[in-house]
Amino acid sequence: MKKELKFVANGEPYDIWVEPNTLLVQVLRDELGFKGTKWCCDSGSCCACAVILDGKVVKSCSIFALQANGKEVLTIEGLANGTELHPIQQAFIDNWAFQCGFCTSGQIMAAKALLDENPKPTREEIQLAMDGHLCRCTGYNMINEAIRDAAKRLQAQKSQEGAK
Amino acid sequence: MSEYSIIGKPTTNVDGVAKVTGEAVYTFDMTLPNMLYGKLLRSPHPHARIVSIDTSEAEKLPGVKAVITGKDTPGGKYGLWRRFRELADQEILATTKVRFIGDPVAAVAAISEDIAEKAVDLINVEYELLPAVFEPLEAIKDDAPLVHDDFENNINATRHIEWGNVDEAFKKADYVREDRFNLLTQHPAPMEVHSSIASYDKGSGRLTVWSSTQSPYFLQLGLADALKMREGNIRVIKPHVGGGFGGKNSTMPDSVNAAVLSMKTGRPVKIVFNREEEFSTTEHRTPMHLSIKIGLKKDGTLLAKEVKIITDGGAYTGLGATTLYLAGTWITFPYKTPNYRYDGFRTYTNKMWASSVRGFGAVSALYASETQIDRAAHDLGIDPIEIRRKNAMTPGYEAPGQYKVESCGLLPCIDKIEQRVKEKWARLDKDEGIGFAAFAYMSGGIFNWIDTPYAFSGAMVKVNIDGTVDLFTQASDIGQGTNTVSVMICAEELGIGIDDIRLHPADTATTLADLGAWGSRETLMNGNAIKAAADEVRDKLLDVARMKLGENIVYDLDAKDKRIYLALRPERGFSYYDIVKDAIKENDGEPLVGIGHYTPHRKGMVSPAYAMGIMGVRAKVDRETGQVEVKDVIVAHDCGQIINPLGARGQVEGSIQMGLGFGLCEDLPSENGMILNPSFVDYKLIRTREMPQIELFDVPTYDPEGPYGAKESAEATTAPTAPALANAIYNAVGVEFDSNVLRLEKVLKAIREKEEKGKGKGRR
Amino acid sequence: MKSVVSDFEYFVPKTVEEALKLLSQYEEEECKVIAGGQSLIILMKQRLLTPKYLIDIKGLSDLDYIKLDEKEGLKIGALTTHRAIEKSPVIQKGFSVLSEMEQNVSSVETRNWGTIGGNVAHGDPSGDPAPVLIALNAKLKMTSLSGERTLDAEDFTLDYFETALRHDELLTEIQVPTLPPNTGVKFTKFSQIVGDYAIASVGVLITLDKNKETCSDARIALGAVDIAPMRAKKAEDVLKGEKISNDLLAEAGQVASEEASPTTDVEASEEYKRDLVKVLVRRVGSEALARAKKA
């Protein structure tokens, strides 16, 4: 029997009805059309489905949609400001931090959550924060470099805004 | 090379914005109007005759629109080795018997994936169990059950390669050793599972398929064979692909069954594997038993090599027959081998079939040869770098009747590694060791087992009146960056910017045949085709410019930075955009197009060009637990002219992740044909915390066959990682292995055994 | 991909009492409690668990807290996330072994949503929190409509995925007593891939006498090497009352490896796991000792 799910996704309010066994990743992809969040492993092992739920990065494949009731979700689609990419996205591009791109949305969301909490992470802190993410293409190091680069860009952006 | 505007300069991914915003569409993401979802019923037995199939209950389930079994399919057999019909041995659905756990016997299309899954559970199959065989050495015995009735002793393919006189040469050798290895499998484990959508149009009788594929053309051919359709009536479109690594070359049950279900229902059908299916029923690296015998002079010069390989092919051919050939070829690289003999056999067994995975035989072969050469070096008291230097291939080296290496930067790569290792790794901690492995790999193969009449790569360039360019290529970007390389080459050739070019990739209806992304062929082969196509247009543009300049015909023109100008007097020239307008307007509006193609000719039996290099790995071993920590990696590679250094670096690092997996932790153990670990919980991939820092040195050369001298990059580096690591472990704690996947227990056991034997050189 | 195919009725009780009332209404086999669901959902996707009724207690914020009492010690609400424990300044300061352990539990994503109570109640013999709680001499409080009871951590997990929690009970609080002076605690889990499920894990607590010479108390907890996380009591006896040397720790390790009953699986053999216990007890014990000396 369907139950009401009221939540905010990428800044917009949604009021939909879902079966209790629906996973958050299914609602995001199939109901809301946010296909950027991927589904990859069936065992909660890869974090390709990572989204930010009430400010915390979580695996959307391992959460029932109804547990997001009353909460706010941010997916990859909510990151850019219109056509203006988020500094993390731009850093990923500039540092060749993706190849096939299938794990990329999850990586970027986790990077955002990390940098929101810890604006100047060390290499070890980045590795610890990103450890849940599987990538078969990059060998991870260039992803970590992109995150450090993103941290610098965000700091610069903050100083610029502070200076205004 | 600083003379280029774009080639050789770090260039960001042309698909970058799409991929970082989540807008890139993969087959996995796609839905079409009126689409159904398909699911496969798979055999639970490794070998059984199908007695009967009862689909009646499944058909009754509300929401089910079609249920098919083998008899409902057009029944064509297919496979990549089309040239030899008996090796194209796959069926859409098993008709008479099943040959591995997971062999599909039925398929359902329903309005939701859940209903399709429920329906699959309602299909009843009666099997007559048959004795099964799981190990090649058992499979070749006379009394072994036959996986395919027409293949005696279960031998699917054989290969013999020979040059020189091996027997005579061994007699002259001062030092002879033979080692046996057991090389295990590895799963490509792409992040996007196999996904396909088929849409059959009853009116026209034409089929369109979207698929997560490495080769739309191969898929088109496979579908045509399976469905007994004209290939021209099949259109394959490749959206973004979430990785392939060799597992998405073959036509697989997702695409063919989606096609048949679509033909039956008149609606598009989507089939997506779950991760368990991905691990247990898709292609993986060919396991093999390998024996390698080498004869050396006491100064380390290689005189002779003899190799025997028997591979565990699994239930069908796939590309496994090519792996058989290539393993016996790569094992001679990258050394001058005056005398060589190879005999290889590929056997059928009752398991999911093994095919090609990144490295294509080189990963398995070089694990054996590069650890063995180290052992020989130790026995002879020769430095491991020195023995490699002594035997290294040099430009122009030829293996009689087999291959010729034109450009070859191996020696400077060896020099570079030697120098850098002295600088960086001078001091080692306790139980730390350094190991090396040299490598080489093809830039595409000359093989045509696919039996195509077409050029191996084709491209079209269309220039519009405003100077924008439409570039059409069937080359497959599966993450390796081919789209970016394609656009870079076209831009360089026409002297314009990346932003001027719109790429139309990988659609068999609108682009010219390209064999796809395997064997590192796209940069060289597709690159050459694009270069040729762009050149055709460029020539037209230069002609127009030349006419306008009214200059003497011996003065050359260049196209660069959106200008076309006299090479010796750059100030005399025109804007590219103006010349384009003139070229069209002054030619009666004739379309400004160029078509190019490339097929390697007279390039031996293997490849038109070979990347070369050497890798050093530093590792630390924990003697009490067998844990191996990979501390650092240094690579020097010769890829001719690297087109995009950003992409090349990314690829090398990714290949090392896979190489480390082959060396340390990735394995698919099975019991009676059942894979024991079909999930990322138990199939261990190297993660970010295990990944060492990697220092990469580019040692450029120029290969005349490659576009701008370019050769392959980064499939090659998959191969040396594990043997270099194994050599590092030997130098750290003195233990050797005859197989890969050096798990904790394996390493600890070896250390204990050595400690028990006591001190001294315990050598076989 | 695999979704959760089975249907169920879904309840979101607003209070602990409401949750308990629901629990007592349904049969054990039909009804499951979900907190973070990080383990549960995977089992449901695999169709290993198909409850007809699911009681979602994730929102019971009354059970999400970290309190430190000077005398009684640390009290952690069962619905506190792994991440909250990892990051808690109170825990990092006074019970750092807990936050160190949490740092390596799966990934940040799992830790942000999964709860310590959910993890412990799952009864996974290779889970990380349980051996640490055993080493810390923690107690687990369980609540039902008829009242509360507490159990020592080492008595909570009975068998593979089976705990002492009755069907009509909720695990509500984890109580970690104040550490005695001169106490050091260390936990390490070991696997091929860092942070992966443990092949073996060891938590050691050592309390030294006031001269910091002899060991007045030792607690050695082992994870992933038996049907449930366990205490290696005989190994503890090797250390108690003695001046701890490396050799003594090695002996304790030997004894502990004999107390454990690991099984051979895809990951490693029984023998390897025993060897690992031996090594880890020595190493972890040594670090616990160093911490005790510094305390």
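The values are calculated or read from the model by the stated rules, or taken from the named source; none is laboratory data. All figures in this text were calculated on a predicted structure; none of them were measured in a lab. In this analysis, Cβ positions are derived from the backbone assuming ideal geometry, glycine residues included, and neighbour counts consider all displayed protein chains. What goes into the accessible areas is simple: the full protein's heavy atoms, side chains included, and nothing from ligands, DNA or RNA. Shrake-Rupley method; radii C 1.70, N 1.55, O 1.52, S 1.80 Å.
Brief remarks follow.
- Distance between the pseudo-spin-label points of residue B:299 and residue B:755 (7 Å out from Cα toward the beta carbon): 4.3 nm.
- Relative contact order, percent, chain C [alpha-carbon distance under 8 Å, six or more residues apart]: 15
- q = 0.11 Å⁻¹: log10 I(q)/I(0) that the Debye formula gives for chain C, counting C-alpha atoms only: -0.64
- Translational D in µm²/s for the range A:3-78 (Stokes-Einstein at 25 °C, 0.890 mPa s, Kirkwood Rh from C-alpha pairs): 204
- Solvent accessible area, Å² - residue A:41, 1.4 Å probe, full protein context: 10
- Distance from the Cα centroid of the range B:622-670 to that of the range B:692-725 is 12 Å (rounded to whole angstrom).
- When the helices of chain B are scored as -39500 (n - 2.57) per DSSP H run of n ≥ 4 and the total is divided over every residue, the value at 222 nm lands at -8500 deg cm²/dmol.
- Using a simple spin-label model with pseudo-atoms 7 Å out from Cα toward Cβ, residue C:146 and residue B:693 lie 6.3 nm apart.
- Of all accessible heavy-atom area on the range C:183-294, the percent that carbon and sulfur account for (1.4 Å): 46
- The Rg/Rh ratio for the range C:1-70, using Cα coordinates for both the radius of gyration and the Kirkwood hydrodynamic radius, is 1.05.
- Buried on complex formation within the range C:102-119 (loss of at least 30 square angstrom of accessible surface versus the isolated chain, 1.4 Å probe, ligands and nucleic acids ignored): C:103, C:107, C:108, C:109, C:112, C:113.
- Spin-label model, residue C:242/residue A:155: points 7 Å from Cα along the beta carbon direction are separated by 5.0 nm.
- CD proxy at 222 nm, helix term only [per DSSP H run n ≥ 4: -39500 (n - 2.57); per residue of chain A; nearest 500]: -10500 deg cm²/dmol
- For the range C:78-233, the Kirkwood estimate of hydrodynamic radius, built from reciprocal distances between every pair of different alpha carbons, is 15.7 Å.
- Interface of A with B. Using a 1.4 Å probe and counting protein heavy atoms only, the two chains hide about 4200 Å² of accessible surface, both sides summed.
- Computed log₁₀ I(q)/I(0) - Debye formula, equal Cα scatterers, no solvent, chain B, q 0.06, 0.10 Å⁻¹: -0.38, -1.02
- Mean silhouette area of chain A, derived from the convex hull of its C-alpha atoms and averaged over all directions, reads 9.9 nm².
- Modelled FRET efficiency - R0 25 Å, residue B:543 with residue B:452, Cβ distances, 0.05 increments: 0.15
- Sites residue A:163 and residue C:25 - FRET efficiency at Förster radius 51 Å, r taken between beta-carbons, to 0.05: 0.25
- Reach of residue B:228 by Cα under 30 Å, taken over lysines that are not fewer than 8 positions away in the same chain: B:39, B:60, B:65, B:71, B:77, B:97, B:202, B:238, B:248, B:264, B:270, B:351
- Think of the range C:65-129 as a dipole: +1 on every Lys or Arg Cβ, -1 on every Asp or Glu Cβ, centred on the Cα centre; then among C:73, C:117, C:98, C:73 lies furthest on the positive end.
- If you plug the beta carbon distance of residue B:85 and residue A:1 into 1/(1 + (r/R0)^6) with R0 = 56 Å, you get a FRET efficiency near 0.50.
- Inter-part distance where the range C:98-163 and the range C:186-243 are each reduced to a Cα centre, Å: 17
- For the range A:1-47 versus the range A:112-138, the gap between their alpha-carbon centres in whole angstrom: 24
- Kirkwood hydrodynamic radius (C-alpha pairs) into Stokes-Einstein, the range B:301-387, 4 °C and 1.567 mPa s, D in µm²/s: 93
- Rg to Rh quotient for the range B:312-448, alpha carbon positions, Kirkwood Rh: 1.02
- For the range A:87-163, the fraction of 1.4 Å probe accessible surface lying on carbon and sulfur atoms is 48 percent.
- Three principal axis lengths of the protein assembly as shown [C-alpha, angstrom, descending]: 100, 79, 74
- Loss of accessible area when A meets C, both sides summed, Å² nearest 100, probe 1.4 Å: 2700
- For the range C:61-176, the per residue solvent-accessible surface stands at 37 Å², with DNA, RNA and ligands left out and a 1.4 Å probe.
- Shape summary of the range C:51-168, radius of gyration then Dmax from alpha carbon positions: 13.9, 44 Å.
- Our helix-only sum for chain C, with -39,500 (n - 2.57) per DSSP H run of n ≥ 4 divided by its residues, gives a mean residue ellipticity at 222 nm of -10000 deg cm²/dmol.
- Lysine pairs meeting the criterion (Cα under 23 Å, 8 or more apart or interchain), as found in the range C:213-295: 14
- At 0.692 mPa s and 37 °C, Stokes D of the range C:183-294 from Kirkwood alpha-carbon radius, µm² per second: 240
- Percent antiparallel among DSSP beta bridges (both partners in chain A, rounded to 5): 90
- Per-atom-type breakdown for the range C:61-176 gives carbon and sulfur 46% of the accessible area (1.4 Å probe, protein chains only).
- Rg over Rh [alpha-carbon atoms, Kirkwood Rh] for the range A:87-163: 0.97
- Pairs of Cα atoms farther than 20 Å apart, the range B:1-62, %: 67
- Annotation: per residue accessible area for the range B:19-102 equals 40 Å², rounded to a whole number [probe 1.4 Å, protein chains only].
- Dimensions in Å of the range B:496-593 - Rg and Dmax from alpha carbons: 16.0, 47
- Mean accessible surface per residue for the range A:87-163, computed with a 1.4 Å probe while every protein chain stays in place, in Å²: 33
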